[in-house]
Amino acid sequence: MTEESLLFNAMSLSADLVQDLRRMNPWWEKHPMAVLPKTRRHLVAAIKRRLDAKLAPIVVVRGPRQIGKTISQLQVLQDLLDKGVAPQRILRVQSDELQELSKLSEPILRIVDWYETSILGCTLNEAARKGEPAYLFLDEVQNLKNWAPQLKHLVDNSTTQILVTGSSALRIELGRDSLAGRISTIEAGVLSLTEIGQFHGLDVGKPYLADNGIEVLGKLDFWKGLAEYGVKVPGRDAAFKWFSDRGGYPLVHQRATEAWSLLADQLNETVIKRVIQHDLRLGDRGRKRDAPLLEEVFRLACRYAGQTPGLNVFVQEAKNTLDANIGSQRIRQYLRFLGDTLLLRLIEPLEIRLRRKRGNAKICLADHGLRSSWLQEVVPIATADLERDGHLSDLAGHIVESVVGSTLSTISSLDLAHLPARHGEPEIDFILTVGTKRIPLEVKYQKTIDPIRDIAGLQVFMDKKVNNAPFGLLITQRDGVVSRDPRIVQIPLSSLMLLR
């Protein structure tokens, strides 16, 4: 066999995989893409800013399933084609469940080898030197074995720009460790209030927090400005009502005329059951996987959203429901698995001066709409609805705490924790760490605010010099709450959600 034929065989792929790739990249043959939604998430602009800035060769977008990562990726790709980028300069690989990919030991590198030879017509470096660099789009990259070392090898030896998406926090995080200095990460959550406004034709403006760092979060004037800005946004309350009723998944706002019961079934099928039936199956080989237990753990997470129940509570309730001997270690593993899929965030207790952490993680769901769909229990958080259903106020308060945690968790590079009650000091719902500053945040989602009692915890925390807390935040139900302490900024939840 000649040297040329050996090289050809090394770069060739199976006929089935080639056909799959051509179907995923119809622009190579001048065929149209699938029809894309006209409404765009802010995620699209954030991706484009990072690709244009070229701060890192790899842009990573991570977030739970069905929030629009793939659609956003395709919209970015369509924009490249529309502005004249040659179709052959764009490769997209949907790596979710393609059996042919699993047969390759280094799937990313082998596909790129084939792409250079069969589509691009030159190496990635040759294309870049001609001023025509290639773009590589990899969707759900965590499903490819050894994906991070392959990307590291690729960007260390080739000039290209790569956009990858993933719905596994742990596997993406492990990859990020080996790709240090080579990636820029975007945290993607469900729709923000400004995006929900777009879906419903409401004037909600742009996100108040610019996509250029989190330093402003450590400034008192920024939060005062947000509180003042929120009052002036015309469509804020209407958008918040939509969020209260349906949550933030794109599906439920794209199908705004459909009944919630139908949409709830679809959320259960495409988000929750997809994680339980598919992602659990892709876990570590040899580990016993128990789908009914995972369903029960997620049900309990929904029940205790916004709270810190502890493993023993989960163990006892799971034992009672499933009539099985279940230990805390398995519950811990399954909670971490759900956190890995980004269906929920586990907000850990704050550790100060290297003290051992005390207390349990706070459970914050990716979206309260998942709670409504899985438990078949709708709990409103809009003010007018709560006034009508006053008996749900306490439960709504917990859900709001979950919403706050989920919202803040999607701000890239923001360190978020909670502070359990300890040594006679009150608990603090959330602590935002910005540089050397710690900003305490309390949620008081009730009809009236006690100007003394409801800010006491914030004051105790701020008064301790070791905390370096120049101000605190009080998240309320309504505008117009006034504190006697000028260090405390009161912001209704509807205005806080204008950050994103």
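The values are calculated or read from the model by the stated rules, or taken from the named source; none is laboratory data. Note that the coordinates shown come from a computational prediction; the quantities given were computed from them, not determined experimentally. Virtual Cβ from ideal backbone geometry, glycine too; neighbours counted across all protein chains shown. Side chains are part of the model used for accessible areas, which takes the heavy atoms of the whole protein and leaves out ligands, DNA and RNA. Shrake-Rupley method; radii C 1.70, N 1.55, O 1.52, S 1.80 Å.
Can you pull out every residue in region 206-251 that is open to solvent by 20 Å² or more (accessible area, probe 1.4 Å), within 23 Å of E187 (Cβ to Cβ) and part of a loop (DSSP other than H, G, I, E, B)?
K206, P207, Y208, L209, A210, D211, N212, G213, I214, K219
Being touching a Gly at 6+ places or on another chain (Cβ under 9 Å) and open to solvent by less than 50 Å² (accessible area, probe 1.4 Å) narrows it down to one of I67, I58, I111, so name that one.
I67 is the lone residue from the list that is touching a Gly at 6+ places or on another chain (Cβ under 9 Å) and open to solvent by less than 50 Å² (accessible area, probe 1.4 Å).
For (1) open to solvent by 30 Å² or more (accessible area, probe 1.4 Å); (2) modelled with pLDDT under 90; (3) over 22 Å from L144 (Cα atoms), each residue gets a yes or a no:
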{"position": "P26", "(1), (2), (3)": "no, no, yes"}
{"position": "P32", "(1), (2), (3)": "yes, no, yes"}
{"position": "V85", "(1), (2), (3)": "no, no, yes"}
{"position": "L104", "(1), (2), (3)": "yes, yes, no"}
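Kindly indicate the residue of region 398-443 that is among the small types (G, A, S) and open to solvent by 30 Å² or more (accessible area, probe 1.4 Å) and also nearest to D211 (Cα to Cα) among those meeting that condition.
S412
Within region 260-295, work out how many residues are modelled with pLDDT of 85 or more and open to solvent by 60 Å² or more (accessible area, probe 1.4 Å).
Residues that pass the stated criteria total 9.
Can you spot a residue in region 189-202 that is outside any helix (DSSP H, G or I), modelled with pLDDT under 95 and buried (at least 17 other Cβ atoms within 10 Å of the Cβ)?
Yes, because at least one residue in region 189-202 is outside any helix (DSSP H, G or I), modelled with pLDDT under 95 and buried (at least 17 other Cβ atoms within 10 Å of the Cβ).
What number of residues within region 306-335 satisfy the criterion of being in a helix (DSSP H, G or I) and within 24 Å of the chain's Cα centre (by Cα)?
5
Which residue out of L346, L338 is open to solvent by less than 20 Å² (accessible area, probe 1.4 Å), at pLDDT 85 or above and either among the basic types (K, R) or not in a loop (DSSP other than H, G, I, E, B) (or both)?
When all the criteria are applied, what remains is L338.
Considering only region 361-383, I want to know if a residue exists there that is out of contact with any strand residue (DSSP E or B) (no Cβ under 9 Å at 6 or more places or on another chain) and at pLDDT below 90. Let's see the steps before the verdict.
Step one: filter region 361-383 for residues out of contact with any strand residue (DSSP E or B) (no Cβ under 9 Å at 6 or more places or on another chain), giving 367-369, 372-382.
Remaining after also requiring at pLDDT below 90: none.
No, because not a single residue in region 361-383 is out of contact with any strand residue (DSSP E or B) (no Cβ under 9 Å at 6 or more places or on another chain) and at pLDDT below 90.
Please enumerate the residues belonging to region 444-478 that are free of Cβ contacts under 8 Å to residues at least 60 places away in the same chain, open to solvent by less than 10 Å² (accessible area, probe 1.4 Å) and within 27 Å of the chain's Cα centre (by Cα).
G472, L474, T476
Yes or no: D389 modelled with pLDDT under 95, more than 22 Å from I272 (Cβ to Cβ), crowded, with 16+ Cβ neighbours inside 10 Å and of a type in the set (D, E, K, R)?
Against the criterion (modelled with pLDDT under 95, more than 22 Å from I272 (Cβ to Cβ), crowded, with 16+ Cβ neighbours inside 10 Å and of a type in the set (D, E, K, R)), D389 does not qualify.
So S178 clears everything in (1) closer than 27 Å to F337 by Cα; (2) at pLDDT 95 or above except one condition, right? Which one?
With respect to (1) closer than 27 Å to F337 by Cα; (2) at pLDDT 95 or above, S178 is out only on (2).
For region 25-39, what are the residues that are assigned to a loop (DSSP other than H, G, I, E, B) and without any contact (Cβ under 8 Å) to a residue 40 or more places away in the chain?
Within region 25-39, H31, P32, V35, K38 qualify.
Under 7 Å by Cβ, and 6 or more places apart or on different chains, what pairs join a residue from region 317-328 that is at pLDDT 95 or above with one that is open to solvent by 50 Å² or more (accessible area, probe 1.4 Å) and assigned to a helix (DSSP H, G or I)?
Cβ pairs passing all conditions: none.
Take V481 and tell me if it is open to solvent by 10 Å² or more (accessible area, probe 1.4 Å) and either in contact with a Pro (Cβ under 7 Å, 6 or more places away or on another chain) or in a helix (DSSP H, G or I) (or both).
The answer is no for V481.
I need the full set of residues from region 452-478 which are part of a loop (DSSP other than H, G, I, E, B) and among the hydrophobic types (A, V, I, L, M, F, W, C), in order please.
Correct list: I452, A469, F471.
For region 122-152, how many residues meet the condition of being of a type in the set (D, E), touching a residue at least 40 places away in the same chain (Cβ under 8 Å) and open to solvent by 60 Å² or more (accessible area, probe 1.4 Å)?
1
Looking only at region 420-472, count every residue that is hydroxyl-bearing (S, T, Y) and within 13 Å of L350 (Cβ to Cβ) and tell me the total.
So the count comes out to 1.
Find all pairs meeting these conditions: Cβ atoms under 7 angstrom apart; at least six residues apart or on different chains; first residue within region 333-348 and touching a residue at least 24 places away in the same chain (Cβ under 8 Å); second residue of a type outside the set (A, V, I, L, M, F, W, C) and open to solvent by 40 Å² or more (accessible area, probe 1.4 Å).
From residues that are touching a residue at least 24 places away in the same chain (Cβ under 8 Å), the pairs are E348/K357.
With the condition being in contact with a Ser or Thr (Cβ under 7 Å, 6 or more places away or on another chain), I'd like the helices (runs of 4 or more DSSP H) fully within region 48-158 carrying at least 2 qualifying residues. Walk me through it before giving the result.
Numbers: elements: 69-82, 99-102, 107-115, 124-129, 147-157.
Result: 69-82, 99-102, 124-129, 147-157.
If you take just the helices (runs of 4 or more DSSP H) that sit entirely in region 363-409, which of them hold at least 3 residues that are under 18 Å from Q477 (Cβ atoms)?
Values: elements: 368-375, 383-388, 393-409.
Of the helices (runs of 4 or more DSSP H) lying wholly inside region 363-409, those with at least 3 residues that are under 18 Å from Q477 (Cβ atoms) span 383-388, 393-409.
Looking at L43, L13, which is the one that is on the phi < 0 side of the Ramachandran plot and either part of a helix (DSSP H, G or I) or without any contact (Cβ under 8 Å) to a residue 40 or more places away in the chain (or both)? Outline the logic, then answer.
Working: L13 fails: either part of a helix (DSSP H, G or I) or without any contact (Cβ under 8 Å) to a residue 40 or more places away in the chain (or both).
The conditions single out L43.
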